[in-house]
1. Give me the one-decimal nm value for the distance between modelled label points at B:Glu173 and B:Lys238, 7 Å along each residue's Cα-to-Cβ direction.
2. Using a cut-off of 23 Å between alpha-carbon atoms, which lysines can reach B:Lys27, once sequence neighbours fewer than 8 places away in the same chain are excluded?
3. Can you pull the mean other chain C-beta count within 10 Å for peptide B:59-70?
4. So how far apart, in nm, are the two label points at A:Leu116 and A:Thr248 if each is 7 Å from Cα heading toward Cβ?
5. Taking 2.2 N^0.38 Å as the expected size of a compact globular protein, what ratio does the Cα radius of gyration of the range A:61-136 give against it, to two decimals?
6. Once R0 is set to 41 Å, what does the formula 1/(1 + (r/R0)^6) return for the Cβ-Cβ distance between A:Ile17 and A:Glu240, expressed as a FRET efficiency to the nearest 0.05?
7. Taking the number of other C-beta atoms within 10 Å as the exposure measure, put B:Cys47, A:Cys87 in order starting with the fewest.
8. On average, how many beta carbons from a partner chain sit within 10 Å of the beta carbon of a residue in A:157-167?
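Read-outs: derived from the displayed coordinates by stated rules, not from any lab. Values in this document were obtained by computation on a predicted structure and should not be read as measured data. Quick reminder, even Gly has a Cβ in these numbers, built from the backbone with ideal geometry, and neighbours come from all protein chains shown.
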Amino acid sequence: MKKNKQNLGFLLIYLCIILTLLALGLIIYFITIRGIKIISWEFLTQAPRAAMTKGGVFPVIFGTFYLTFGSILFSLPLGIACAIYLCEYSPKNFIINIIRISINNLAGVPSVVFGLFGLAVFVKFFKLGVSILSGSLTLSMLALPSIISAAQEALIAIPQSQREASLALGASHWETIKRIVIPTALPGILTGVILSVGRVAGETAPILFTAATFYKRGNPKSVFSEVMALPYHIYALMTEGTHPEQQTAVAYGCALILLFLVLIISAIAIYIRQKQRSIYEH
Amino acid sequence: MNINDCFNCRIRVENVNFYYAKSQALKNINLDMFNNNATAIIGPSGCGKSTFIRLLNRMNELIPNTNLEGKILLDGKDINAIDTDVVEIRQLVGMVFQKPNPFPKSIYNNLSYGLEVKGIKDKHLIEKRIIESLKKSVLWDEVKDRLHDNALRLSGGQQQRLCIARCLAVEPEVILFDEPCASLDPISTAKIEELIVELKKNYTIVIVTHNMQQAARVSDFTAFFLLGELIEFGTTEKIFTSPKNKKTEEYLTGRFG
């Protein structure tokens, strides 16, 4: 009887796993089926021509790369520093609790609200214009909470006994953090970065008013240029223009590339994480 | 005859009261610990033993909302004085913890860490110190061929001896043991005890222990704590054979604790 119940439990768990994998598998399958037809060397390396129906999407891919990289550049150091402060230095009081709650709530802010915020603050107030810089900063706001909370969790998971061991040897607080706590927490921190990279690369709303443009001739000249970006490009292809059929094909091609890019970025981060783990576990 | 006349006092604790938030963990403690001797701190759980020993290298500072009154003197200098550097104190007063806590690094790097933190850059000197301290902690023969293996692969007893070696490498003069054998098997415990007996020839040792036989085997002096108070202090022989206080006797004979 007990055995049967256990088997039923396992069965349910397996079912859930299979359903989850199925969802992922179906997404990859359909996007690949519909997108693969248009993928060619030309599509990956050329700029769009003839109202998006000819040529490729090279500048679009590049735009997404710029924006993602830019946002990580801002949010990673800020997020880690913030997590270190909250975990290792901050006193435990009311104000710090408010800050923690605020960070968690920041994660729940809809991305289009971030977009409007970016428009008001970075584009208008700081006069950065619709640009890579504004878009990156807006995206980094979006990535910040998940990086902070992942880094915090990774830092909290380091046993207090490790910190005590280091301090008892005469290491300063900062040496302990720099040489014992952060290296041990790094794999966990990277997990947070993986998740936010995926999210940042695929977000449309935050760059809608701050960085993205449907069409721009040539590659961006500086961080103050507007860019084309994959998620926005897909959105625009599906909602605007005069050649819906060809545009849909291009959109699926873009979707496949976006999916592929996110998978590559995640794979790199997972590789780093595994390597780190193997150092610490064997 | 006064004990202090024949022994060299290394650490003197004067009128120490210690509070966690509002609750008092130590009440008016006065205690001397002597050079080249092991002092055992015994008492039932929650009597303040660990709190006490962690005051000697200022480890309790890490806990928020604590308050210390009174003085702790190391060679006559107040370790809590404003002009005392906590890093210096901790280099002089090493500590071995209840649970072995090696870093998730190689054996070698576990030992080199304290030296690098101390500012020693000379690779040869670092290596020399590492070998010396591994030999002192009687771990050398077991690890000499795998210094670059991860320390977490060692057994619990080996890990604890590694922690002792790590502590010895930075050349402290006082070593605090906070229940060093609490999580070890009898064979590892015996090894660590032998080691402590050996170490007390050159160091000042303070050891917190739950195990009364252990206190009897390794220590020269014993202090009995109960509910935050120091009930009795004396030579280990005296405490174990003819305690003056009734509570000490009751504890030693196993009537409570």
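1. In this crude spin-label approximation the distance works out to 2.6 nm.
2. Filter leaves B:Lys49, B:Lys71, B:Lys77, B:Lys244, B:Lys246, B:Lys247.
3. Details: counts 3, 0, 1, 5, 1, 3, 2, 0, 0, 0, 0, 0.
Partner-chain Cβ atoms within 10 Å, mean over residues of B:59-70: 1.
4. Label-label distance for A:Leu116 and A:Thr248, simple model: 3.3 nm.
5. Values: Rg = 15.1 Å, N = 76, 2.2 N^0.38 = 11.4 Å.
That works out to 1.32 for the range A:61-136.
6. Working: r = 40 Å, r/R0 = 0.98.
Efficiency for this residue pair is about 0.55.
7. Details: B:Cys47 23, A:Cys87 18.
Placing the least packed residue first, the sequence is A:Cys87, B:Cys47.
8. Details: counts 0, 1, 2, 3, 6, 4, 2, 8, 13, 6, 9.
Taking all residues of A:157-167 together, the mean is 5.
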